[in-house]
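Student: The structure's right below; bear with me while I get my questions together.
The numbers here are math on the coordinates, done by the rules we state, and not lab data. Note that this is a predicted model, so its numbers are computed, not measured. Virtual Cβ from ideal backbone geometry, glycine too; neighbours counted across all protein chains shown.
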Amino acid sequence: MSCSAPPSLLLSSPHLLLPVAPPLTVSPSRSCDPRSGDVVSWTSSIGRLARHGHLAAAAAEFSAMLSSSTSPNHVTFITLLSACADFSSSPFSFQLGLSLHSLALKLSLFSSPRSLLLLTTALIDFYFKIGFTVVARQLFDRTPLRNRYTYNAMIAGHMKNAQINEALDIFLRIPSRDLVSWTAIIDGCVKNGFPEEALEHFRKMQVERIDPDYVTVIAVAAACSDLGALGHGMWLHYLALKRGLLGNVRVGNSLIDMYSKCGRIDFAQQVFDKMPKRTLVSWNSMIMGLAVNGRSAEALLLFSAMQGSEFKPDSVSFTAALTSCSHAGLVDDGLYLFQLMQRKYGVTARAEHYGCLVDLLARAGLIEKAVSLVERMPMKPNEVMLGSLMAACCAHGDVRVAERLMALLIQVEPDTDSNYVLLSNIYAAMGRWEGVVKVRSLMKELGVKKKPGFSAVEIDSIVHQFVAGDHAHAETEEIYDLLDLLHFDLEFYGYEHTIAAGAIAEAFSEGFID
């Protein structure tokens, strides 16, 4: 490695946008004897405290070290910086990290190539995690030495801060991409809402003959879940089997979730049954998978089996069980579980539990009871709860309650496009098409636009997405030819195109009515 300028000058340049670092204000500790402890002993003691989440104690130990005759080295600083990054939401971690950077500069710890490389990478990770992306990027741009860890820290940091293009730019500049960099880009794409891009990067990773590890499998399984890409998911399952990763409980959990969301609850059940070890997450994922796939009786049986196992049901467990009751219309069972959750297991009812109960009552036509529950619960109703009630009002023709709820819903989320769409759906369900047109005009007047929904289908391991009014698909001409043919068939069988129907069709084409 070569360096064209003194590293300390590069990192302490006045043009680097470093925040002002507060001085260390922790009281010295005495858990390590300052008279006999060498730098390794001090660093080990600091690291042990930091790893167990005792950051203040670790900082106190570091302060004691500064008061001793032993000077910290770059490893000591990296140990503490890593802990600050892990607890980045804490104001103390924020202040400590800034102080460590300032002190490292004063102690000239960036003077050797090795310490420069390692400290810079740790600082990049820290600054990204506290949201100081500009500082992190400046550190990267100004350091003359980089390795794969530095590049990977940049990719993960940009992705964590939803800077997708910047992460991809760094990824393409890596001289030699390893498993960590591929996994970081795949996981980042998934977490930022780009599952298709994640699968494309996974395909390229396979072309480069880089085998996935359990972290990669979990990320790709999440992408398959988001897209309903069963073919990709089954191939991923095969790769996990081939790589001997099925013994990892987190891999098993991700496959259960993926198969459940792709509608193959039978495959999810097979994964669950064959797991050598299960966690509470395994049970919860399987119960929820059965519930949302219409297997409510089996979900409740599995919930009962879990109660007799080593695992105690938690908040998520009861959400899954209540969802099962809601989908099956088991009102009495749902009310019993809601009481059991609080009295026997001490689980405090949260918004999602009330939401399940509201949905359960609403689906059963007990709309007044559901409204009463919403009015009595200890938190404000959210959009999902009110939406469940609105849907029930449409199904049962309760216009009075629907209009009352709509007024409340607009107060809760005045700028949310789905509220207006919901109102349109209610008007449409009641056959009041002039109301649909009126609300659509109001949305245009207020500048509220509906985010377009899409449908997707997987054919030969390729996921095709369709959006109303879209012309970007490679087979657009064939798609619209088929739509014209369907329209012709509708007219042949007696469908009459009226002005009102035209307005509604336009609303559908704009994605205004769901």
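Student: Listing 87, 202, 272, 338 from the residue with the fewest other Cβ atoms within 10 Å to the one with the most, what is the order?
Tutor: 87, 338, 272, 202
Student: What does the C-alpha gyration tensor say about the overall shape of region 153-230? Classify as rounded when a/c is under 1.5, otherwise prolate if a/b is larger than b/c, or oblate.
Tutor: Taking the square roots of the gyration eigenvalues as a ≥ b ≥ c, region 153-230 is oblate.
Student: Subtract the Cα-Cα distance of residue 396 and residue 73 from 0.36 nm times their separation in residues, and report this length gain in nm to one decimal.
Tutor: Contour length minus the Cα-Cα distance gives 109.1 nm.
Student: Relative to 2.2 N^0.38 Å, what does the C-alpha radius of gyration of region 146-277 come to as a ratio? Two decimals please.
Tutor: Rounded to two decimals, the normalised Rg is 1.05.
Student: Run down the lysines and flag those whose C-alpha is under 22 Å from the C-alpha of residue 380, throwing out any fewer than 8 positions away in its chain.
Tutor: Cα-Cα hits under 22 Å: 369.
Student: Using 7 Å Cα-to-Cβ label points, what is the residue 305/residue 376 separation (nm, one decimal)?
Tutor: Simple spin-label model gives 3.6 nm for this pair.
Student: So how far apart, in nm, are the two label points at residue 207 and residue 297 if each is 7 Å from Cα heading toward Cβ?
Tutor: It is 5.0 nm.
Student: Further question: At a Förster distance of 56 Å, what's the computed FRET efficiency of residue 52 paired with residue 493, Cβ-Cβ distance as r, to 0.05?
Tutor: E between residue 52 and residue 493, to the nearest 0.05, is 0.20.
Student: Let me ask another. What percentages, rounded to whole numbers, describe P(r) for region 30-103 computed over all alpha carbon pairs with 10 Å bin width beginning at zero?
Tutor: Cα pair-distance distribution for region 30-103, in percent: 21, 58, 20, 1.
Student: Also, quick follow-up: Would you please classify the overall shape of region 65-189 from the alpha carbon gyration tensor, given that a ≥ b ≥ c denote the square roots of the eigenvalues, rounded means a/c under 1.5, and beyond that prolate means a/b larger than b/c while oblate covers the rest?
Tutor: It is prolate, given that a/c is not under 1.5 and a/b is the larger ratio.
Student: Kindly provide the GluC sites (Glu not before Pro) of region 137-208 that DSSP labels as loop, not H, G, I, E or B, and whose Cβ sees at most 13 other Cβ atoms within 10 Å.
Tutor: Passing both the DSSP loop test and the Cβ count: 208.
Student: Using only the alpha carbons, work out the radius of gyration and Dmax of region 187-232 in angstrom.
Tutor: In Å, with Rg to one decimal and Dmax whole: 9.7, 26.
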